[in-house]
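Read-outs throughout are calculated quantities, based only on the coordinates presented, and are distinct from any laboratory measurement. Because the structure is a prediction, the values reported are computed rather than measured. With ideal geometry, Cβ positions are generated from the backbone for all residues, glycine too; neighbour counts draw on all protein chains shown.
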């Protein structure tokens, strides 16, 4: 186990470095970040002076060496947009994003498992059609639009929740529901099809033939055996949430998380903040994957950690 | 007797409380982005200005219509070509008790031009060489050459307390001389300002203001409709019918296409004239802006700016003439590049596509390229070949025509696409002419020439539209400053 963890951590570190370096190159090679940082009226001399002050006028390899040196000291430089250490901005916003993701994905998982089971219990029945219908609708509606729709419905027409912002548990409801919708839909359809497949297997038929209650067979046998693929999907949704859902949901709801900051940093050419954000997201994604491998092993002893 | 007095006291107390309650107005303002820092001298950041314009003040101020007037200085006089002298207002103190005097002005100027501070605002202060104290209440600002715009520049430079700037934390807890003082910043959520009881000017109506940061226009609108906000910025024109109240005011931005006058197609004056005549600007104002935009008067200069040419008129809509000109030029069927971006300025993509549609009717074949913003900036200001036409909504913060002239008309300007040395010489001269009348004459000539040669395709003077709750009374300003002291709550 220890050897496995060590190897995965090393692999993960390579992935994180690869991603970070790619971002380093891409942000410097395409477009001039100083143009994004300064007002349009800045003169050519001011642009040059600004670039020199940030070290952006030096050749790429020299910049790269400095970047690597600072990275080793966990120093991501100063955000040009916020004028404070880039990592401080990330660490300030990360908990907000994790709260949102936790609430949204938690909600999706809690609802998807029973919904998928119920739908699979009687394929083609009314319940199945309702659940499948909701899931397909959830997958087809853009999150952006769903968010605005929920705001208009539950904050303006029926003013029970705040439209945007953060601060109280009530503020979390609409963003979490918006974020939950797509993962819920995908998880529900997945659980449904997995269970239906599982129900056709001989061991299930045997269990039913022995007179075990259907509900016990569903939960105790079929569901248990879909857990590993289900967790894989949860992991995938977690990655999508970290790298995408939060950007949309946080923008719509003015939720002060990392996704919102990522967009703003990109718009303002804030290389140093973008680098810190990408690094952090990459680290989180690697950790999620390692965690999943360990959980798989615990859930299914047949899986080796070779 | 005792009871009577006690009762009297109780009643007076209650009355005082009631009166106080009626005055203690607290409002919520939704702006598009959170200030990156509350240091007023480092960044060029609209969110930061929307907050700090209430905390800090400048030597010069402007009327809501945009005319310069005294601010923290009572008088500005030009001593010689490179020196301006400012007499300072007496009895002004910073929120922390530091006096506002010549030392504060010198410290403010020196801090902003210090290369070590790498202030983005140097785009506005590039000519300033330093400041000198004459006596406690008189200060001189020195420029590196004749600078007629210096008073306008001093309307942009916020005055900071010299002691606190060194010992305190301007970035997180700002201290100015303004009508409001900083109360709280809960990062990511809100900023709260409270009325400054010791303000030197008239006491404003609003007691407390809370800023919220909502980037998405639809969400801001929802917050206003739900009663969470009293003022929201950047209301889309189509929502003016929805909100309880709104106010539109001429803004700082003018949308324009810059034509590449050295390019094969657009070097032909006939083609350029056709491009101007082909556009039905009135129809666009109605369709895109619901009427809330002004048609540019034949040049791309902000009408409130010094140097605006009052004699020019907007280009007429004459599609037949445009088509004939294209035919005469033998350009029918030729491709014209139409470069722009999306999401940065009000209705930018819509303007670009509408104009391309009009140009298509002249016989030209527009090739629209909506570029990612940094790529777009490279097209606009980079060293590569100029596009035949490129869209920009140019902002004039200092309300002086030098901005539009130097940036877009001057052959060495960052966004210019011509090689007209004669025009460039006039612009250079206007930059250093300190006699206002002579300077206006130069600009009149520059813009007449640009108009006649059709160097640009001016479109609209964009308006800023604010949504307001029923209880708000407020007329927004041309300079886009969001001044809480000018807001009144009626309730």
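Overview of values
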item: Gyration tensor verdict on the range B:332-491 (Cα atoms; rounded if a/c is under 1.5, prolate if a/b is larger than b/c, oblate otherwise); result: oblate
item: Rule-of-thumb Rg ratio for chain A [Cα; 2.2 N^0.38 Å; N residues]; result: 1.23
item: Per-residue mean of C-beta atoms belonging to partner chains within 10 Å, peptide A:156-165; result: 6
item: Angle between chain B longest axis and helix B:46-55 axis [Cα atoms, degrees, rounded to 10]; result: 30 degrees
item: Value of Rg to Rh for the protein assembly as shown (Rh from inverse mean 1/r over Cα pairs, i.e. Kirkwood); result: 1.03
item: Kirkwood hydrodynamic radius (C-alpha pairs) into Stokes-Einstein, chain B, 37 °C and 0.692 mPa s, D in µm²/s; result: 134 µm²/s
item: Rotationally averaged projected area of the range B:198-237 (alpha carbon convex hull; nm²); result: 4.1 nm²
item: Sites residue B:475 and residue B:203 - FRET efficiency at Förster radius 25 Å, r taken between beta-carbons, to 0.05; result: 0.85
item: The range A:2-72 - convex hull of the alpha-carbon atoms, volume per residue in Å³; result: 94 Å³
item: Convex hull volume per residue in cubic angstrom - Cα atoms of the range A:235-306; result: 89 Å³
item: Sorted by Cβ density within 10 Å, fewest first, the residues B:156, A:255, A:236; result: A:236, B:156, A:255
item: Proxy reagent accessibility, fewest Cβ within 10 Å first, across A:154, A:74, A:144, B:100; result: A:74, A:144, A:154, B:100
item: Inter-part distance where the range B:388-461 and the range B:185-214 are each reduced to a Cα centre, Å; result: 39 Å
item: Acute angle (nearest 10 degrees) that the helix A:271-299 long axis makes with the longest principal axis of chain A, alpha-carbon atoms; result: 20 degrees
item: Ascending count of other beta-carbon atoms within 10 Å, so fewest first, for B:222, B:342; result: B:342, B:222
item: Computed label-point distance, nm, for sites residue B:313 and residue B:437 using a 7 Å Cα→Cβ extension; result: 2.8 nm
item: Stretch gain in nm, segment residue A:57-residue A:196, where the contour uses 0.36 nm per residue and the Cα spacing is subtracted; result: 43.9 nm
item: Calculated [θ] (222 nm, deg cm²/dmol) that DSSP helices of n ≥ 4 give over chain B, each run adding -39,500 (n - 2.57); result: -9000 deg cm²/dmol
item: Shape box of the range A:37-138 [Cα atoms, principal axes, largest first, Å]; result: 71, 35, 25
item: Potential extension, residue A:2-residue A:209 segment - 0.36 nm per residue separation minus Cα distance; result: 70.1 nm
item: Debye-sum result for the range B:122-268 in log10 I(q)/I(0), which assumes one identical scatterer on each alpha carbon, at q = 0.09, 0.12, 0.13, 0.20 Å⁻¹; result: -0.54, -0.88, -0.98, -1.32
item: Shielding of B:211-217 by partner chains, average beta-carbon count, 10 Å; result: 5
item: Hull volume in cubic angstrom per residue (convex hull over the Cα atoms of the range B:56-168); result: 104 Å³
item: Theoretical FRET efficiency, 1/(1+(r/R0)^6), r = Cβ-Cβ of residue B:320 and residue B:365, R0 22 Å, to 0.05; result: 0.70
item: Two-site FRET efficiency, residue A:10 against residue A:303, from Cβ-Cβ distance with R₀ of 25 Å, rounded to 0.05; result: 0.75
item: Degrees between helix B:2-23 axis and first principal axis of chain B (Cα, 0 to 90, nearest 10); result: 10 degrees
item: 10 Å Cβ neighbours from other chains, averaged over peptide B:116-128; result: 4
